[in-house]
1. Taking region 214-231 on its own, how many of its residues are surrounded by fewer than 21 Cβ atoms within 10 Å (Cβ to Cβ) and out of contact with any helix residue (DSSP H, G or I) (no Cβ under 8 Å at 6 or more places or on another chain)?
2. Kindly check whether there is at least one residue in region 260-281 that is within 22 Å of the chain's Cα centre (by Cα) and at positive phi.
3. Filter region 509-533 for residues that are in contact with a helix residue (DSSP H, G or I) (Cβ under 6 Å, 6 or more places away or on another chain) and of a type outside the set (Gly, Ala, Ser); which is nearest to Ser580 (Cα to Cα)?
4. Are there any pairs, at least 6 apart or on different chains, whose C-beta atoms fall under 7 Å, with the first in region 220-244 and modelled with pLDDT under 90 and the second of a type in the set (D, E, K, R), and if so, which?
5. Considering region 654-666 alone, what residues qualify as being modelled with pLDDT under 90 and not in a strand (DSSP E or B)?
6. Applying the selection to region 396-424, what residues are closer than 25 Å to Ala528 by Cα and either among the acidic types (Asp, Glu) or touching an Asp or Glu at 6+ places or on another chain (Cβ under 8 Å) (or both)?
7. In this structure, does Phe573 turn out to be part of a helix (DSSP H, G or I), of a type in the set (A, V, I, L, M, F, W, C), surrounded by 15 or more Cβ atoms within 10 Å (Cβ to Cβ) and in contact with a Phe, Trp or Tyr (Cβ under 9 Å, 6 or more places away or on another chain)?
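The values are calculated or read from the model by the stated rules, or taken from the named source; none is laboratory data. For clarity, every value in this text was computed on a predicted model and none was experimentally measured. Quick reminder, even Gly has a Cβ in these numbers, built from the backbone with ideal geometry, and neighbours come from all protein chains shown.
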Amino acid sequence: MPKKTNIKKITGVISTIAKGAGFIDVSVDGVKSTSKSRQNSIYIEPGMLNTALNGDTVEVSLQEKNFRGKKENVGKVLRVVIRAKSSFVGTVDTINGSAILIPDDRKMYTNISIIDDDGTQKNHTKAKLEKGVKVFVKMLPWTDPSKLPQAKLLKILGKKGDNNVEMESIVLEKGFEVSFPAEVEKEAETIEHNKAISKDEFGKRRDMRDTMTFTIDPFDAKDFDDAISFRKLSLEESRQIGQNSHEKNTGTLYEIGVHIADVSHYVREGTALDKEAVKRGCSIYLVDRTIPMLPEVLSNDVCSLNPHEDKLSFSAIFVVDDRARIHRRWFGRTVMNSTHRFTYEAAQAVIDGAANNIEKYSKGIQPVALAEAGMKYHDELVTLNRLAKILQKDKFSKGAIEFAQEEIKFKLDKDGKPIGVYKVERLDTHKLVEEYMLLANREVAKYVFDSIKKKGGRDTGAIYRIHDVPDKDKIANLSTFVKALGYELRAKNGVVTANDLNHLLDQIEDTPHASLIRTATIRSMQKAVYSTRNIGHFGLAFPFYTHFTSPIRRYPDLLVHRVLAKHLNNEPFGDHDIVSFQRIAESSTEREINASEAERASKKLKQVEYMSGYIGKIFDGTISGITQSGIYVEEVNTKCEGMINIRSLGNDYFVFNEKTYSIVGDKTKKKFTLGDKISFKVVSADLDKKILDYALV
């Protein structure tokens, strides 16, 4: 009788690569990974995927194999438990008159056969599927790895390379829809038709229309989630509050309101609008357009806090002193009217006393209006800015980490072609708005947490934005990485504090490695996620934090409004709420990741498209990555990243040194290290793969 063998099985999410291999995270103690695998994962060789695609949940059997004299575990997919996605975007090719889809997804290792409704291969001539046309398809169940998967045509997008086609391709590939279902549009139109605020609704709300209120947003913003109001309290008001305050010598007091679009008043639970918003999770901000979470009649009109219009809002109003200490806080539904719409640049001009400096500050604003705003709002904005700086300083003193990075934007022509790239200057007004939004988010989270505690401490009627402590292995790798570049990360056995990370970031300030190490540090962090269980926010050093301030573009914020309203009204939460909140927290986190990937893909496409107009041109850059295949270089001004193949570095044999993050010539000892400044030439630009090839100069 043959000997019985114990086959170890694991179940997990698989990551695939274009060569037809895969990796699965280790989920069982004692399972080793191969030298070919990523850290803490099992390698699955080509031919062993058994139709598993990237992101699928799979069951895998493990067996031992010898790699360089060592026994290691490798995997074989037994079955697909859950298929992650079934819809794909790609470019049509033809084989013997039949249409084949070449997927855009670079992790897809197989093409897809496009079939007719009767199950036969689709004839590209009859279907008008010309070679080079991009389409959207839905894949049918695939169980036989020896055959191509099959799919039915959902939509013909248009000719490859067209800007609108490529942008829609990115959105669809990440699982989002561009247009809204007819039922959703109908509900939105009904709301727009009945948007007038009734006297009864006015009576239910705190009236803030006589308080100076304004919005500060990008010059090209179309929807306005948030507004800030400001009022200096009278001596009598200050004295009364001071008598009841836990702080003595309060001095001058200010009432600062953070007013957020009351989307929850219009988008009611269980409606088609609500279900679609849950499905989308968030808006997507591509290079040239926004794919909104809500139909534009709501996001840009009914809900948006447009200037000089009475609007329904949900507000967090604080009374603070000259040291930015909170003496009172109030949460509730309000009606407000924004008296001015500032851009970040215009508000900065007012603070700087440069409202008449039209050339620098009048983006999207009429010069006369800007000058008038300078006279009318100067004192208020200066005070708000001063208090915001105190809030920021206090935040950092408690361990918050400064992760602000340079942002680039594109100048596009009428066809969406990039004709310029520029860096977005981070102004004090960006930080001003950020600090008051953080204040509102933090205080709402604390109020909800305290409210739950009073009811018995069952932490369920809430949704938080949490950020866990960094992973020990990633911190150990980061420590090794920065040490190779001459810096120190004070970490003990992979354990690091926020102050340790800030110490590192202080070291790299104004050095050639600043952007590189800041990016590496961010990548070593855990991802911030939504959860019904509060563990605090490591990066912000807040024990309580949520998202309250952007319900037009983020579904969790809309849900937080409903949660806060229930706590304010002392309404109970049922088991349905508890289950629903956690499900929405998980799906919103996933959609946020998808949206970020879509945004990065659109930016990368435009970077490659922009550099394609400079083939043969020479630029200055910084080495941003080192691999066995070569070096990655980021152009100084546009941040366009491309690769220099190791074989083209010179007449030498270059060796990759993993410990020092460098490539060194065997004969010449010429060394290329992360952060080095070099000159390079643009060799080629592949728009399909969104990659740039550079050559060393």
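1. Summing the residues that are surrounded by fewer than 21 Cβ atoms within 10 Å (Cβ to Cβ) and out of contact with any helix residue (DSSP H, G or I) (no Cβ under 8 Å at 6 or more places or on another chain) in region 214-231 gives 3.
2. yes
3. Only one residue tops the list, namely Thr532.
4. Ile241/Arg328
5. Scanning region 654-666 gives Glu658, Lys659, Thr660, Tyr661.
6. Correct list: Phe396, Glu402, Glu406, Glu407, Val424.
7. Values: part of a helix (DSSP H, G or I): no; of a type in the set (A, V, I, L, M, F, W, C): yes; surrounded by 15 or more Cβ atoms within 10 Å (Cβ to Cβ): yes; in contact with a Phe, Trp or Tyr (Cβ under 9 Å, 6 or more places away or on another chain): yes.
No; evaluated as a whole, the condition is false for this residue.
Here's the yes/no breakdown for (1) aromatic (Phe, Trp, Tyr); (2) under 19 Å from the mean Cα position of the chain (by Cα):
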{"site": "His378", "(1), (2)": "no, no"}
{"site": "Lys389", "(1), (2)": "no, no"}
{"site": "Phe396", "(1), (2)": "yes, no"}
{"site": "Lys414", "(1), (2)": "no, no"}
{"site": "Ala445", "(1), (2)": "no, no"}
{"site": "Tyr464", "(1), (2)": "yes, yes"}
{"site": "His467", "(1), (2)": "no, yes"}
{"site": "Ile475", "(1), (2)": "no, no"}
{"site": "Ser479", "(1), (2)": "no, no"}
